[in-house]
Amino acid sequence: MVGVLCFLWFGCVAARLYYFQVIQYVELLTRAQRQQQRTIEVAPQRGAIYDRQMNPLAMSLGVDSVYAVPSELTEPQMVASLLAPVLGVDVDDLRDRFQTMHSFCWVKRRVRPEEAARVHDLNLKGVYFERETKRFYPKGDLAAQAIGYVGLDDKGLGGIEYALDDQIEGKPGRVLLASDARRRTFHSTEWAGIPGKSVVLTLDEKIQYTAEKALAEEVATAQAVGGVAIVQNPNTGEILALANQPTFNPNDVNASSAAARLDRAVGWIYEPGSTFKSVTLSAALEENLTNPQEIINCQNGSIVLAGHTIHDHKPFGDLSVTDVLANSSDVGAIKLGLRLGEDRFYRYIQAYGLGTKTDLELPGEERGLLRPPSHWSGISIGEISIGQEIGVTPLQMISAYSAIANGGILFQPRIVHDVFLGAHHDALAPATGRRVVSARTAEMMRQMLAAVVDHGTGKPAQLGGYTSAGKTGTAQKIDANGAYSKSQYVASFIGFAPALRPAVTVLVVIDSPVGAHHGTDVAAPVFRSIAEQTLSYLNVPQDNPSRWPQIITPKPAKTPDQKQEDFMGFLPSDRGSFGAATSPVQPASFSNQLSPDGTPQPGPLDGGVASSTVVLGDGPLVTVPDFSGWAARRVAQECEKLGLDLNVVGSGLAVEQNPIAGFKVPSGTRIWVRMAR
Amino acid sequence: MATAALTLPKTRRRPRNVPAAGRANFPEFYFVKHIDNSRLVREVDMERRRECFSLLGLGVLVFLFVLLFAWQHFQCVRYGYQGEQLKDEYATLEEQNHQLRLEQAALADPERIDTLARTRLGMVSPSPQQVILMGGPEPAAAALESPELAHNFSVGSGDTPHEP
């Protein structure tokens, strides 16, 4: 009997097993997989954005987003009232969403970690977390317009974030998760997505900060509507800094205005005013229609053109072409423009890249306003010669000046230095350029622009320790009636330094300053501030010690400790610049006393200069010889004879020196000479 | 020893449960014959024994196989949990790494460093004569390439205002 029962029991089990494992197999397997497995889409990690020194400017981090399944909420009202204060959302809005939606609704996306932790602690049924990425900009508003920003769905909406969104965004992946009854994952299968590529910009965050700070101070002082400052390497076209005012914080883009998000460097058209005279004069020089020494009769400051009288800002008589530029004579510039003629002048304007997009890798670039000669009026050639009746972008203007600075080649400006993913670097097009004017013309223009800074309208742009060249500009804005405003101006200065071997070109444009409105007063000092700090930061050798303030540290008798410092490369008189070569921000002063361990003692921390380090220099000046092609021994003998300190780098014959030949320096000055074979 | 039973000839048919007349209580005797075969030895069937052991061995093997399969399966599930836990840990650490890099970047903000240097350390920007270059252009300047580049640059075939 028992055997029969056992047999029946086994038979039933076997039959049931057969039913489940064979007949119902597919359906049950499907149901099990539906319960255990879920496929989630993994958002790709958006690529980072770096400056040229690989300092991160934009990064993405994984954060939690909170969502609810309203059908699973037992008491939606209570859940809404619990979540709203924790997440800072409107309780009524949340309650409405719980009532109107059934299967899914976001509570709040990309919450802060502490918010996520508090929601997690509430342990609410029907409330879940989804992992998403959030964009962070660790430097806040630094280079905000250039970097851009992203929207809630992580899509780039401005700047590089928008322009290179396809490459930065990446492709999403998928993960198949198998979970147990407690929702613990015990197996996962990944279909990896493609992470976004990282972008290295040509910007340098230190130079960018320097430019932004100087610009912001001036815009605030001048109560201007806004401003833009650009620093460019004239020899490659790379943009080193691109500062805008007003600006915004891309971490909180919703709090910013459209005006603050505008990248004025590429998306703002203005009349360049007198800064445009460099285009006019260089074209005339290139066409051999004049030379820097030619005397131009400026007709006591007025000229009649097509029935209109154009006045200089003050009456001038005879001026050399150099002085026409130095004094910014409109009459002189118009006369040279007239010599060129409309068609030829137009071709040069086009050759300088004005009226066409530069194709910088930033969105929203304007091409400017340049009408063909067929649309010019009788006065147009005169107006355009002095930078009116033409619209340009700041980027176009700085590129044109860089062409003059580098010897006549107009480079396409670039802001993207590299695009990479892991070890794979995208091949970017090399710097391209085209010759606009000859090297000789560019050289003449550099000298003439240096004269502007030396004794013309650009005096406030004189740098300490460096020569500089540039041009001021003050243009009237067009008012609401379509006429030139008597109260609103655009003040600008564009220049480069050092004047003979430019390392940087700097543009400063201030929109609608109140009170002082000339480029000389408003923009040139900003140029000076940016250029001085940038050149020091880039360790560009100083070429004009005569422009140092006449405060020279004496050369005291050397102590053993100080001799040790000499060996390390520090002059005894350089205590005030201890470590100067490595940081743009330096200690206020160091006393001449050394601590027992030999380290310099910091001076007073009130920002003042310690009196023990400063005396007036009254010794004779020595003219620096030209060491080109000299052997090291001969250089050393000559320096010894002249009482100059020497710092030789390399071996072979002298190929470079600082200060350059011909400069007068105090005895004891260290001369840097680079030798090469 | 034989056992015998005394029986009378049937004269007439009577019911089975009614005893015969006059012999109603006559006993019946049964005798048991004891057979002792303890001295007999059963012959071993080696063929059957082999079959039996083979079957038993096969059963054990099947059992071990099932045991091994189950053990592997549960080990697989266990390692699956461990693997997922390690993946989570890796993701968490990677996230922490990103957070730390972000924090480092925020702490290295030039504006913050500038403010700290000026307010806490009393530093100021150096004047031009305080800046002495040590051994020529440094990496930052080198990154900008030599100004000579432009002069040596081979001109592209772009527009040129030069007239023939």
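The values are calculated or read from the model by the stated rules, or taken from the named source; none is laboratory data. Everything numeric in this text was worked out from a predicted model, so none of it was measured. FYI the Cβ positions are ideal-geometry reconstructions off the backbone, even for glycines, and counts take in every protein chain you see.
For every residue, the table says whether it meets (1) away from chain B (no Cβ under 11 Å); (2) β-branched (Val, Ile, Thr); (3) over 27 Å from A:Gly353 (Cβ atoms).
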{"site": "A:His424", "(1), (2), (3)": "yes, no, yes"}
{"site": "A:Val437", "(1), (2), (3)": "no, yes, no"}
{"site": "A:Gly464", "(1), (2), (3)": "no, no, yes"}
{"site": "A:Thr467", "(1), (2), (3)": "yes, yes, no"}
{"site": "A:Thr472", "(1), (2), (3)": "yes, yes, no"}
{"site": "A:Ile478", "(1), (2), (3)": "yes, yes, no"}
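For the range A:169-201, name all the residues that are of a type in the set (Lys, Arg) and touching a residue at least 40 places away in the same chain (Cβ under 8 Å).
A:Lys171, A:Arg174, A:Lys197 - these are the residues of the range A:169-201 that are of a type in the set (Lys, Arg) and touching a residue at least 40 places away in the same chain (Cβ under 8 Å).
Under the condition of being surrounded by 24 or more Cβ atoms within 10 Å (Cβ to Cβ) and within 30 Å of A:Trp376 (Cα to Cα), which residue from the range A:406-422 is farthest from the other protein chains (Cβ to nearest Cβ)?
Here the residue is A:Pro413.
Please pick out the residue among A:Thr457, A:Thr505 that is surrounded by 24 or more Cβ atoms within 10 Å (Cβ to Cβ) and more than 14 Å from chain B (Cβ to nearest Cβ). Before you say what the answer is, go through the steps one by one.
Details: A:Thr505 fails: more than 14 Å from chain B (Cβ to nearest Cβ).
Exactly one of A:Thr457, A:Thr505 is surrounded by 24 or more Cβ atoms within 10 Å (Cβ to Cβ) and more than 14 Å from chain B (Cβ to nearest Cβ), namely A:Thr457.
Within the range B:74-93, is there a residue that is closer than 30 Å to A:Ala211 by Cβ, out of contact with any Ser or Thr (no Cβ under 7 Å at 6 or more places or on another chain) and assigned to a helix (DSSP H, G or I)?
The answer is no, given that none of the residues of the range B:74-93 is closer than 30 Å to A:Ala211 by Cβ, out of contact with any Ser or Thr (no Cβ under 7 Å at 6 or more places or on another chain) and assigned to a helix (DSSP H, G or I).
Cβ contacts < 8 Å: first residue farther than 30 Å from A:Ile404 by Cα, restricted to the range A:467-483; second residue crowded, with 24+ Cβ neighbours inside 10 Å and at pLDDT 90 or above, any location; separation 6+ or different chain. Result?
As it stands, the answer is none, since no pair meets every condition given.
At least 2 residues that are basic (Lys, Arg) in each: list the helices (runs of 4 or more DSSP H) lying fully within the range A:360-468 that qualify.
On the way: elements: A:380-385, A:394-405, A:439-455.
Answer list for the range A:360-468: A:439-455.
How many of the residues making up the range A:57-70 are crowded, with 22+ Cβ neighbours inside 10 Å, closer than 19 Å to A:Asp141 by Cα and not hydroxyl-bearing (Ser, Thr, Tyr)?
Of the residues in the range A:57-70, 3 are crowded, with 22+ Cβ neighbours inside 10 Å, closer than 19 Å to A:Asp141 by Cα and not hydroxyl-bearing (Ser, Thr, Tyr).
All but one of (1) closer than 20 Å to A:Lys155 by Cα; (2) away from chain B (no Cβ under 14 Å); (3) among the polar types (S, T, N, Q) hold for A:Gln45; which doesn't?
All conditions are met except number (2).
A:Ala429 fails exactly one of the following numbered conditions: (1) within 13 Å of chain B (Cβ to nearest Cβ); (2) in contact (Cβ under 8 Å) with a residue 12 or more places away in the chain. What is the number of that condition?
(2)
In the range B:41-99, how many are farther than 30 Å from A:Gln37 by Cβ and among the basic types (Lys, Arg)?
Number satisfying all stated conditions: 4.
Those residues that are among the charged types (D, E, K, R) and at pLDDT 85 or above, I need them from the range A:15-48; list them, please.
Hits for the range A:15-48 are A:Arg16, A:Glu27, A:Arg31, A:Arg46.
Is it true that some residue in the range A:339-351 is aromatic (Phe, Trp, Tyr), within 14 Å of chain B (Cβ to nearest Cβ), under 16 Å from A:Thr290 (Cα atoms) and within 30 Å of the chain's Cα centre (by Cα)? First the steps, then the outcome.
Residues of the range A:339-351 that are aromatic (Phe, Trp, Tyr), as a first pass: A:345-346, A:348.
Within this subset, residues satisfying the condition of being within 14 Å of chain B (Cβ to nearest Cβ) are A:345-346, A:348.
Filter again for under 16 Å from A:Thr290 (Cα atoms), leaving A:345, A:348.
Checking which are within 30 Å of the chain's Cα centre (by Cα) leaves us with A:348.
Scanning the range A:339-351, I find at least one residue that is aromatic (Phe, Trp, Tyr), within 14 Å of chain B (Cβ to nearest Cβ), under 16 Å from A:Thr290 (Cα atoms) and within 30 Å of the chain's Cα centre (by Cα), so the answer is yes.
Given the criterion at pLDDT 85 or above and under 30 Å from A:Ala216 (Cα atoms), identify the matching residue among A:Glu115, A:Glu161.
A:Glu161
Within the range A:118-147, can you find the residues that are within 14 Å of chain B (Cβ to nearest Cβ) and farther than 30 Å from A:Thr202 by Cβ?
A:Phe129, A:Arg131, A:Glu132 - these are the residues of the range A:118-147 that are within 14 Å of chain B (Cβ to nearest Cβ) and farther than 30 Å from A:Thr202 by Cβ.
At the interface with chain B (Cβ under 10 Å from one of its Cβ atoms), surrounded by 24 or more Cβ atoms within 10 Å (Cβ to Cβ), in contact with a strand residue (DSSP E or B) (Cβ under 9 Å, 6 or more places away or on another chain) and not acidic (Asp, Glu) - does that describe any residue in the range A:488-495?
There is no residue in the range A:488-495 that is at the interface with chain B (Cβ under 10 Å from one of its Cβ atoms), surrounded by 24 or more Cβ atoms within 10 Å (Cβ to Cβ), in contact with a strand residue (DSSP E or B) (Cβ under 9 Å, 6 or more places away or on another chain) and not acidic (Asp, Glu).
If you take just the strands (runs of 3 or more DSSP E) that sit entirely in the range A:630-677, which of them hold at least 3 residues that are among the acidic types (Asp, Glu), within 14 Å of chain B (Cβ to nearest Cβ) and surrounded by 14 or more Cβ atoms within 10 Å (Cβ to Cβ)?
Because the criterion is at least 3 residues that are among the acidic types (Asp, Glu), within 14 Å of chain B (Cβ to nearest Cβ) and surrounded by 14 or more Cβ atoms within 10 Å (Cβ to Cβ), no strands (runs of 3 or more DSSP E) in the range A:630-677 meet it.
Filter the range A:80-138 down to residues that are of a type in the set (Gly, Ala, Ser), within 22 Å of A:Asp153 (Cβ to Cβ) and buried (at least 18 other Cβ atoms within 10 Å of the Cβ), then give me how many there are.
1
Condition first: in contact with a Leu (Cβ under 9 Å, 6 or more places away or on another chain) and either among the β-branched types (Val, Ile, Thr) or not in a strand (DSSP E or B) (or both). Now tell me which residues in the range A:53-75 satisfy that.
Passing the criteria: A:Val66, A:Leu73.
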